[in-house]
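Peer 1: After the structure tokens below, expect a handful of questions from me.
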Amino acid sequence: MTAAATPTAVLVGLLLNLQLILSAVAFVLSLIAYRGYAGTPWGRVLEPIPVLLASILVTTGIEGAVPEATYLLVSAVCWTVTTGAVVLSTYRITTLRRGASR
């Protein structure tokens, strides 16, 4: 921490680190869940979740570490991947609940 850091900047930094740690834990748990259900209909539902969390980890991890223009580009790509993973997982769970999964 620098002498010029404001309490708000310190709080934002702490929250960013907390988000990074919790997202990393969620990523590991999602991999375990996916591997445990691999080859089943639930495995197909869980398959996009690690991709989603990896995208969030990348976005959170590079914040402040790269130039703003680079961050915005990478963030836009990562959030597009995240949105696609959410849509895919939602579609798969909807078809599973309706009994149409393969």
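The values are calculated or read from the model by the stated rules, or taken from the named source; none is laboratory data. It should be emphasised that the depicted structure is a prediction, and the values quoted were computed from it without experimental measurement. Because the Cβ atoms are built from the backbone with ideal geometry, glycine has one as well, and the counts that use them run over all protein chains shown. The area values use the complete protein model at the heavy-atom level, side chains included, leaving out ligands, DNA and RNA. Shrake-Rupley method; radii C 1.70, N 1.55, O 1.52, S 1.80 Å.
Peer 1: Residue check: is Glu63 under 22 Å from Tyr91 (Cβ atoms) and among the acidic types (Asp, Glu)? Write out each step before concluding.
Peer 2: Details: under 22 Å from Tyr91 (Cβ atoms): no; among the acidic types (Asp, Glu): yes.
So Glu63 does not fit the description; no.
Peer 1: Next question. For segment 27-56, give me the residue count where each residue is assigned to a helix (DSSP H, G or I) and open to solvent by 40 Å² or more (accessible area, probe 1.4 Å). Quick ask: steps written out before the conclusion?
Peer 2: Initial filter on segment 27-56 (assigned to a helix (DSSP H, G or I)): 27-36, 41-46, 48-56.
Narrowing further to those that are open to solvent by 40 Å² or more (accessible area, probe 1.4 Å): 27-29, 31-32, 34-36, 41-42, 44, 46, 49, 51.
Selection size over segment 27-56: 14.
Peer 1: Within segment 1-19, count every residue that is open to solvent by 60 Å² or more (accessible area, probe 1.4 Å) and in a helix (DSSP H, G or I).
Peer 2: Pass one, segment 1-19, residues open to solvent by 60 Å² or more (accessible area, probe 1.4 Å): 1-4, 6-8, 11-12, 14-15, 17-19.
From what's left, in a helix (DSSP H, G or I): 7-8, 11-12, 14-15, 17-19.
Within segment 1-19, residues that are open to solvent by 60 Å² or more (accessible area, probe 1.4 Å) and in a helix (DSSP H, G or I) number 9.
Peer 1: Any residue in segment 65-75 that is open to solvent by less than 40 Å² (accessible area, probe 1.4 Å) and part of a helix (DSSP H, G or I)? Show your work before the answer.
Peer 2: Applying the first criterion (open to solvent by less than 40 Å² (accessible area, probe 1.4 Å)) to segment 65-75 yields 75.
Those left that are additionally part of a helix (DSSP H, G or I): 75.
Yes, segment 65-75 has at least one match.
Peer 1: Give me the pairs, please: first residue somewhere in segment 48-64 and under 16 Å from Gly13 (Cα atoms), second residue anywhere and of a type in the set (Gly, Ala, Ser) and in a helix (DSSP H, G or I), beta-carbon distance under 7 Å, and either six or more positions apart or on two chains.
Peer 2: What qualifies is Leu57/Ser23; Leu57/Ala24; Thr59/Ser75; Thr60/Ser23.
Peer 1: Also, quick follow-up: Under 9 Å between Cβ atoms, at least 6 apart or on separate chains: pull out the pairs that start in segment 22-41 with a residue that is under 23 Å from Thr95 (Cα atoms) and end on any residue that is in a helix (DSSP H, G or I) and among the polar types (S, T, N, Q).
Peer 2: So the pair list comes out as Pro41/Thr95.
Peer 1: On to the next question. Which is at pLDDT below 95 and among the aliphatic types (A, V, I, L, M), of Leu53, Leu16?
Peer 2: Numbers: Leu53 fails: at pLDDT below 95.
Among Leu53, Leu16, only Leu16 is at pLDDT below 95 and among the aliphatic types (A, V, I, L, M).
Peer 1: Separate question: Would you check if Val86 is buried (at least 16 other Cβ atoms within 10 Å of the Cβ) and touching a residue at least 12 places away in the same chain (Cβ under 8 Å)? Break it down into steps so the answer makes sense when it comes.
Peer 2: On the way: buried (at least 16 other Cβ atoms within 10 Å of the Cβ): no; touching a residue at least 12 places away in the same chain (Cβ under 8 Å): yes.
Here the answer is no, as Val86 does not meet what is asked.
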